Amino acid sequence: MRRTLRTRLTLWNLLIVASALTLFAVLLYVWLANTLYGHHDDEIAEDAGRLAALLSASPEPLRRLAEIDADRIDPLLIVRRSDGEMVFGSPTLVPSEPNIGAHTALMHAAMQGVTTPQFFTVRLEHTGLVRFICVPLAQPAGTYLQLGRPLGDVDLLLRVVVIASAVLVPVVIVLTSFGGLGIAKRALAPIDQTAAALESIQATDLSRRVDPGASDAEITRLNASINRLLDRLQRSFESMKEFTAEASHQLQTPLTVMKGSIDAATEDANRNIDYRSTLEDLGSEVDALAATLQDLRDYSLAEADSSSHCESVDVSRVFEEAADVVRALAEAHDIPCEAHIASGLTVWGNAVRLRQVVLNLGENAVQFTPAGGQMRIQATTVDRQVVLEVEDTGRGIAPEALARVFERGYKAGGDGVRSGSGLGLAIVKRVVDSHGGSVHIDSTLGEGTHVTVTLPAVNTATAGHGS
């Protein structure tokens, strides 16, 4: 079972809190230990320095030390030779700690031959933890003063810190987990509401929208993006419905004619009748069906093929080849066609689809230009853009139809209608858009149409590095 975002947020929150608390507890322990030990060491060092000074000025240092020790409350006072042997111990210390003379850590501290004060902590059998200082003495020569002070309060306080941390950190983590779950649930509630709203939207009712007025700016931006996506889906769905109805009509008409011709030929099967006219009608309708299906295929592949199999394309050659086909088609309809294609034009894209742009625009121009009219195809470079122009002196397009000529299945010419699938300009628009370009049409009824296609040019020196 996959973890939810709420669980992940809670776990991350717990990890951060646990890490912060653990770090705080460790730093608190280190700081407190350093502070307490430092205070303790300062007092021991001051006391040991005073004793060492008194002993160095006394002709009988051990006797003087015994006198001083008699007046001390703290009995942890030892003098050892450099071989570790104890030569003096507080009279009250030896009975309470009978093994103090042979204590390994204390012997080792004296045997190191240190010349500066050294601090260390040892555990005595009856006294517990004791902080010692080992100081070399001038008198008696070759001896070391070891002065200790129990760490009772310091050790207790550090233990309390450790125990409190071990108890409080898990308690705080548990409490934080419940708080984190509540916070995550409240923070993600708008997303749950958005998800519920999206689940309730069906393809047959794309007019519904999610609430754009959320209290959080992030959720508001998310909902606004979703609503814009739903707007595009609704427009696409409605356009698809219209296109499906139009395509069905385009396919149904030739099929009806073909069915009628076949039925008529069947009824006259026993008569001596010339079927040439019937076969010609059937052939025309089959051609119409094939053209419609080809347009449907071209439209579905226009964007997919253009966004894949991309390479540096010499559109001068591609446009020239397509212009030759259009010129031959125009001359067959008694329409002079001029073509001026500049050399060295290069774009990044799909050569097959770019050729189709010229062919579709040229075929449209031939279809709506009467015999004796004129056509012009031109391609050049303007401001690092490849500009393709297809111009004719045909019937033109009505102003109210210009805004819809690129819609799938929409058919408009000078008289408001035209034959065909209504996909030619839609394919052009889709191919040009997928190549990062733009297409624009200027047209006047009775005067002609001027189509301008703009594509981003590619520097031939760097075209091989495109992506």
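The values are calculated or read from the model by the stated rules, or taken from the named source; none is laboratory data. These figures come from a predicted structure and were not determined experimentally. Note: ideal-geometry Cβ built from the backbone for every residue, glycine included; neighbour counts use all protein chains shown.
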Subject >> Residue in the range 32-50 that is over 30 Å from Val160 (Cβ atoms) and modelled with pLDDT of 85 or more present >> reply: yes
Subject >> Residues of the range 386-405 that turn out to be touching a Leu at 6+ places or on another chain (Cβ under 7 Å) and farther than 21 Å from Ala426 by Cβ, as a count >> reply: 1
Subject >> First in the range 188-201 and hydroxyl-bearing (Ser, Thr, Tyr), second anywhere and not in a helix (DSSP H, G or I), Cβ under 9 Å, 6 or more apart >> reply: Thr194/Val210; Thr194/Asp211; Thr194/Ala214; Ser200/Arg208
Original post:
Considering Thr127, Thr143, which residue is surrounded by 15 or more Cβ atoms within 10 Å (Cβ to Cβ), more than 30 Å from Thr35 (Cβ to Cβ), assigned by TED's automatic domain parsing to the domain that holds Leu14 and touching a strand residue (DSSP E or B) at 6+ places or on another chain (Cβ under 7 Å)?
Top reply: Thr143
**OP:** Sort through Ser177, Ser165 and tell me the only one that's assigned to a helix (DSSP H, G or I) and surrounded by 17 or more Cβ atoms within 10 Å (Cβ to Cβ).
**Re:** Ser165
Subject >> Residue check for Leu151: over 30 Å from Thr22 (Cβ atoms), touching a Gly at 6+ places or on another chain (Cβ under 8 Å) and either touching a residue at least 40 places away in the same chain (Cβ under 8 Å) or of a type in the set (Asp, Glu) (or both) >> reply: no
Subject >> Exclusive hit being modelled with pLDDT under 95, over 12 Å from Ile377 (Cα atoms) and within 40 Å of the chain's Cα centre (by Cα), set Leu329, Leu301 >> reply: Leu301
Subject >> Residues located in the range 383-397, provided they are over 47 Å from the mean Cα position of the chain (by Cα), assigned to a loop (DSSP other than H, G, I, E, B) and of a type outside the set (Val, Ile, Thr) >> reply: Gly394, Arg395, Gly396
Subject >> Search result, residues across the range 322-345 that are surrounded by 18 or more Cβ atoms within 10 Å (Cβ to Cβ) and either assigned to a strand (DSSP E or B) or β-branched (Val, Ile, Thr) (or both) >> reply: Val326, Ile335, Cys337, Ala339, Ile341
**OP:** Would you point out the residue of the range 409-449, among those that are assigned to a loop (DSSP other than H, G, I, E, B) and hydrophobic (A, V, I, L, M, F, W, C), that is modelled with the highest pLDDT?
**Re:** Leu445
Original post:
Does Leu157 satisfy the condition of being over 30 Å from Leu54 (Cα atoms), in contact (Cβ under 8 Å) with a residue 60 or more places away in the chain and either outside the structural domain of Thr121 (by TED's automatic domain parsing) or part of a helix (DSSP H, G or I) (or both)?
Top reply: yes
Subject >> Which numbered condition Ala339 misses (of (1) farther than 18 Å from Gln385 by Cα; (2) in contact with an Asp or Glu (Cβ under 8 Å, 6 or more places away or on another chain); (3) small (Gly, Ala, Ser); (4) modelled with pLDDT under 90) >> reply: (4)
Original post:
Out of curiosity, is Val172 part of a helix (DSSP H, G or I) and closer than 30 Å to Leu93 by Cα?
Top reply: no
Original post:
Can you pull out the residues in the range 360-382 that are under 45 Å from the mean Cα position of the chain (by Cα), surrounded by 16 or more Cβ atoms within 10 Å (Cβ to Cβ) and at pLDDT 90 or above?
Top reply: Leu361, Gly362, Gln378, Ala379
Subject >> Conditions (1) under 18 Å from Val79 (Cβ atoms); (2) out of contact with any Ser or Thr (no Cβ under 6 Å at 6 or more places or on another chain): number failed by Leu137 >> reply: (2)
**OP:** Given the conditions (1) surrounded by fewer than 24 Cβ atoms within 10 Å (Cβ to Cβ); (2) touching a Lys or Arg at 6+ places or on another chain (Cβ under 9 Å), report the number of the one that Arg355 does not fulfil.
**Re:** (2)
